[in-house]
Amino acid sequence: MTKDFEFLLHMQRLMFEAEALAIQFGVKDRFLSIMVAGLLPEDNDDSYIDGAKLQAIYSYNIDDVNELDEMQEFIYHTYHEPHKEELDQRDLNDLLGGTGIELED
């Protein structure tokens, strides 16, 4: 068994454990998750091959296309969050927006 294959098996086990944990805590009906883990093959000089086929495993805990859309939107927006240096320049009120926390005047 290769290290890559062994790694993916361990990742699959963690995915199963996440679902089992949701069942254990009684939140399975509210548990949403999209988990993908994969490895790109390496060439001889240890750099990644452009356009290589991803070896991956995945687990979806979603009920319908609406939940899928919500998860995709969440992933997209959190991926495109500003970098730390951009956050330092933003107004504190912007950072608190949507949290329900308001600054005193």
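Numerical summary
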| item | result |
| --- | --- |
| Those residues of the stretch 58-71 which are surrounded by 12 or more Cβ atoms within 10 Å (Cβ to Cβ) and not β-branched (Val, Ile, Thr), in sequence order | 58, 59, 60, 61, 67, 68, 70, 71 |
| Helices (runs of 4 or more DSSP H) completely within the stretch 37-105 that count 1 or more residues being at pLDDT below 80 | 84-88, 92-96 |
| Residues that are closer than 21 Å to residue 72 by Cβ and surrounded by 13 or more Cβ atoms within 10 Å (Cβ to Cβ), drawn from the stretch 24-37 | 31, 32, 33, 34, 35, 37 |
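The values are calculated or read from the model by the stated rules, or taken from the named source; none is laboratory data. Just so it is clear, the model here is predicted, and its values are computed rather than measured. Cβ: placed from backbone, ideal geometry, glycine included. Neighbour counts: every protein chain shown.
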